[in-house]
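The values are calculated or read from the model by the stated rules, or taken from the named source; none is laboratory data. Since the structure is predicted, the reported quantities are computational estimates derived from the model, not experimental observations. Here the Cβ positions follow ideal geometry from the backbone for every residue, glycine too, while neighbour counts run over all protein chains shown. Please note that ligands, DNA and RNA were not included when accessible areas were found on the heavy atoms of the full protein model with its side chains. Shrake-Rupley method; radii C 1.70, N 1.55, O 1.52, S 1.80 Å.
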Amino acid sequence: MSDRKGIVATLVDCFAELPGIGRKTAERLAHHVLRMPAAEAVAFADAIRAVKEKLHPCKACYNLAEEDLCDICRDPRRDRTVLCVVEQVRDLLAIEQAGTFRGLYHVLQGRVAPLENAGPERLTIDALVNRVREGGFREVIMGTTPNVEGDGTALLVARRLEGMPVVLTRLARGLTVGASLEQANRDMLADALSGRQPLK
(Lines give C-alpha, C1' and ligand atoms only; values in the text may rest on other atoms or scores of the structure.)
Protein backbone atom coordinates (compact mmCIF):
# COMPACT_ATOMS: atom_id res chain seq x y z
CA MET A 1 0.00 0.00 0.00
CA SER A 2 2.84 2.38 0.83
CA ASP A 3 4.34 1.82 -2.63
CA ARG A 4 1.03 2.69 -4.27
CA LYS A 5 0.73 5.84 -2.17
CA GLY A 6 4.24 6.80 -3.25
CA ILE A 7 3.36 6.31 -6.92
CA VAL A 8 0.17 8.35 -6.63
CA ALA A 9 1.97 11.10 -4.74
CA THR A 10 4.60 11.22 -7.49
CA LEU A 11 1.88 11.53 -10.14
CA VAL A 12 0.20 14.32 -8.18
CA ASP A 13 3.55 16.11 -7.92
CA CYS A 14 4.04 15.79 -11.70
CA PHE A 15 0.63 17.31 -12.45
CA ALA A 16 1.18 20.05 -9.86
CA GLU A 17 4.31 21.18 -11.72
CA LEU A 18 2.26 21.99 -14.83
CA PRO A 19 1.52 25.72 -15.31
CA GLY A 20 -1.86 26.79 -13.94
CA ILE A 21 -2.40 23.53 -12.06
CA GLY A 22 -2.83 23.84 -8.28
CA ARG A 23 -2.47 21.01 -5.79
CA LYS A 24 -6.20 20.21 -5.64
CA THR A 25 -6.51 20.08 -9.42
CA ALA A 26 -3.38 17.90 -9.58
CA GLU A 27 -4.98 15.47 -7.14
CA ARG A 28 -8.18 15.33 -9.23
CA LEU A 29 -6.17 14.69 -12.41
CA ALA A 30 -4.15 11.93 -10.73
CA HIS A 31 -7.30 10.20 -9.50
CA HIS A 32 -8.84 10.55 -12.96
CA VAL A 33 -5.82 8.70 -14.38
CA LEU A 34 -6.31 5.99 -11.75
CA ARG A 35 -9.91 5.49 -12.92
CA MET A 36 -8.99 5.39 -16.62
CA PRO A 37 -9.08 2.01 -18.40
CA ALA A 38 -5.56 0.62 -18.68
CA ALA A 39 -5.46 0.98 -22.49
CA GLU A 40 -6.53 4.62 -22.28
CA ALA A 41 -3.93 5.40 -19.61
CA VAL A 42 -1.18 3.73 -21.66
CA ALA A 43 -2.26 5.71 -24.75
CA PHE A 44 -2.06 8.90 -22.66
CA ALA A 45 1.45 8.00 -21.50
CA ASP A 46 2.47 7.08 -25.06
CA ALA A 47 1.24 10.47 -26.32
CA ILE A 48 3.45 12.25 -23.77
CA ARG A 49 6.42 10.07 -24.69
CA ALA A 50 5.87 10.68 -28.43
CA VAL A 51 5.81 14.45 -27.91
CA LYS A 52 9.20 14.31 -26.22
CA GLU A 53 10.79 11.74 -28.53
CA LYS A 54 9.40 12.65 -31.96
CA LEU A 55 8.88 16.41 -31.96
CA HIS A 56 11.71 18.86 -32.63
CA PRO A 57 12.02 22.42 -33.94
CA CYS A 58 11.26 22.88 -37.65
CA LYS A 59 14.50 23.57 -39.52
CA ALA A 60 12.95 26.59 -41.24
CA CYS A 61 10.66 28.30 -38.72
CA TYR A 62 11.26 26.60 -35.33
CA ASN A 63 7.64 25.49 -35.00
CA LEU A 64 7.21 21.95 -33.66
CA ALA A 65 7.72 19.32 -36.36
CA GLU A 66 7.88 15.56 -36.72
CA GLU A 67 9.97 15.81 -39.89
CA ASP A 68 12.59 18.34 -41.03
CA LEU A 69 9.85 20.87 -41.83
CA CYS A 70 6.58 21.49 -40.00
CA ASP A 71 3.17 21.09 -41.64
CA ILE A 72 2.88 24.85 -42.24
CA CYS A 73 6.25 25.19 -43.97
CA ARG A 74 5.45 22.15 -46.17
CA ASP A 75 2.00 23.44 -47.15
CA PRO A 76 2.16 24.72 -50.77
CA ARG A 77 -1.01 26.77 -50.23
CA ARG A 78 0.65 29.15 -47.77
CA ASP A 79 1.63 32.66 -48.90
CA ARG A 80 5.41 32.51 -48.94
CA THR A 81 5.83 36.26 -49.26
CA VAL A 82 4.48 37.11 -45.78
CA LEU A 83 6.26 36.09 -42.56
CA CYS A 84 4.81 36.48 -39.06
CA VAL A 85 7.37 36.54 -36.23
CA VAL A 86 6.11 35.21 -32.89
CA GLU A 87 7.71 34.52 -29.54
CA GLN A 88 6.53 30.98 -28.84
CA VAL A 89 4.86 28.05 -30.59
CA ARG A 90 1.72 28.69 -28.52
CA ASP A 91 1.48 32.16 -30.13
CA LEU A 92 1.65 30.56 -33.57
CA LEU A 93 -1.13 28.16 -32.57
CA ALA A 94 -3.28 31.05 -31.34
CA ILE A 95 -2.95 32.87 -34.66
CA GLU A 96 -3.64 29.68 -36.60
CA GLN A 97 -6.86 29.16 -34.62
CA ALA A 98 -8.01 32.63 -35.70
CA GLY A 99 -8.04 31.15 -39.22
CA THR A 100 -7.25 34.31 -41.19
CA PHE A 101 -3.46 34.28 -41.63
CA ARG A 102 -2.16 32.24 -44.56
CA GLY A 103 1.51 33.21 -44.55
CA LEU A 104 4.52 31.58 -42.91
CA TYR A 105 5.91 31.96 -39.39
CA HIS A 106 9.16 32.33 -37.54
CA VAL A 107 9.28 31.34 -33.85
CA LEU A 108 11.85 33.30 -31.84
CA GLN A 109 11.68 30.78 -28.97
CA GLY A 110 11.33 33.54 -26.41
CA ARG A 111 11.79 37.28 -26.08
CA VAL A 112 14.43 39.64 -24.81
CA ALA A 113 13.88 40.03 -21.06
CA PRO A 114 16.91 41.54 -19.27
CA LEU A 115 15.39 41.05 -15.81
CA GLU A 116 15.20 37.31 -16.55
CA ASN A 117 18.72 37.22 -18.02
CA ALA A 118 17.20 36.40 -21.42
CA GLY A 119 19.30 38.13 -24.05
CA PRO A 120 18.93 38.14 -27.85
CA GLU A 121 21.63 35.49 -28.23
CA ARG A 122 19.17 32.90 -26.87
CA LEU A 123 16.66 33.63 -29.61
CA THR A 124 16.51 32.54 -33.25
CA ILE A 125 17.05 36.09 -34.56
CA ASP A 126 20.12 35.14 -36.64
CA ALA A 127 18.13 32.39 -38.37
CA LEU A 128 15.31 34.89 -39.03
CA VAL A 129 17.71 37.42 -40.56
CA ASN A 130 19.15 34.70 -42.80
CA ARG A 131 15.66 33.66 -43.96
CA VAL A 132 14.73 37.21 -44.87
CA ARG A 133 18.11 37.85 -46.50
CA GLU A 134 17.60 34.84 -48.76
CA GLY A 135 14.70 36.73 -50.29
CA GLY A 136 11.13 36.02 -51.26
CA PHE A 137 9.40 37.85 -48.42
CA ARG A 138 7.68 41.18 -49.06
CA GLU A 139 6.34 41.69 -45.52
CA VAL A 140 7.48 40.71 -42.03
CA ILE A 141 4.81 41.02 -39.33
CA MET A 142 6.01 41.41 -35.76
CA GLY A 143 3.61 39.30 -33.72
CA THR A 144 5.33 39.71 -30.38
CA THR A 145 3.38 40.25 -27.17
CA PRO A 146 2.28 43.90 -26.78
CA ASN A 147 4.25 44.68 -23.62
CA VAL A 148 7.66 46.17 -22.80
CA GLU A 149 9.65 42.99 -23.50
CA GLY A 150 7.68 42.11 -26.62
CA ASP A 151 7.97 45.61 -28.07
CA GLY A 152 11.67 45.70 -27.24
CA THR A 153 12.19 42.38 -28.99
CA ALA A 154 10.26 43.62 -32.05
CA LEU A 155 12.39 46.76 -32.27
CA LEU A 156 15.58 44.73 -31.92
CA VAL A 157 14.49 42.45 -34.77
CA ALA A 158 13.47 45.47 -36.85
CA ARG A 159 16.95 46.98 -36.45
CA ARG A 160 18.49 43.69 -37.60
CA LEU A 161 16.28 43.72 -40.71
CA GLU A 162 17.00 47.35 -41.63
CA GLY A 163 17.98 47.81 -45.26
CA MET A 164 16.34 44.61 -46.46
CA PRO A 165 13.61 44.90 -49.12
CA VAL A 166 10.70 44.00 -46.83
CA VAL A 167 7.89 45.99 -45.25
CA LEU A 168 7.91 45.68 -41.45
CA THR A 169 4.51 45.75 -39.75
CA ARG A 170 3.14 44.92 -36.32
CA LEU A 171 -0.20 43.61 -35.14
CA ALA A 172 -2.84 46.28 -34.61
CA ARG A 173 -3.17 47.51 -31.04
CA GLY A 174 -6.67 46.13 -30.72
CA LEU A 175 -4.82 43.65 -28.55
CA THR A 176 -4.77 44.78 -24.94
CA VAL A 177 -1.34 46.03 -23.94
CA GLY A 178 0.33 43.38 -21.83
CA ALA A 179 -1.98 40.58 -22.99
CA SER A 180 -0.47 37.42 -24.47
CA LEU A 181 -1.54 36.19 -27.90
CA GLU A 182 -2.65 32.85 -26.53
CA GLN A 183 -5.20 34.62 -24.29
CA ALA A 184 -6.68 36.67 -27.14
CA ASN A 185 -9.88 35.41 -28.70
CA ARG A 186 -10.23 34.49 -32.37
CA ASP A 187 -11.94 37.72 -33.45
CA MET A 188 -9.40 39.88 -31.62
CA LEU A 189 -6.50 38.14 -33.35
CA ALA A 190 -8.22 38.34 -36.74
CA ASP A 191 -8.73 42.10 -36.29
CA ALA A 192 -5.14 42.55 -35.15
CA LEU A 193 -3.86 40.76 -38.24
CA SER A 194 -6.09 42.59 -40.72
CA GLY A 195 -5.34 45.97 -39.08
CA ARG A 196 -1.59 45.52 -38.77
CA GLN A 197 0.45 48.72 -38.89
CA PRO A 198 3.89 49.81 -40.10
CA LEU A 199 6.54 49.13 -37.47
CA LYS A 200 8.09 52.42 -36.37
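For the stretch 1-88, the Kirkwood estimate of hydrodynamic radius, built from reciprocal distances between every pair of different alpha carbons, is 16.1 Å.
DSSP beta bridges fully contained in the chain are about 30 percent antiparallel.
Hydrodynamic analysis of the chain uses the Kirkwood radius over alpha carbon pairs. Inserted into Stokes-Einstein at 25 °C and 0.890 mPa s, it gives a translational diffusion coefficient of 129 µm²/s.
On a per residue basis, the chain carries 60 Å² of accessible surface, using protein heavy atoms and a 1.4 Å probe.
Using the Cβ-Cβ distance between LEU155 and ILE7 with R0 = 35 Å, the FRET efficiency computed as 1/(1 + (r/R0)^6) comes to roughly 0.10.
Here the accessible area of the chain is 54 percent carbon and sulfur, with a 1.4 angstrom probe and all protein chains present.
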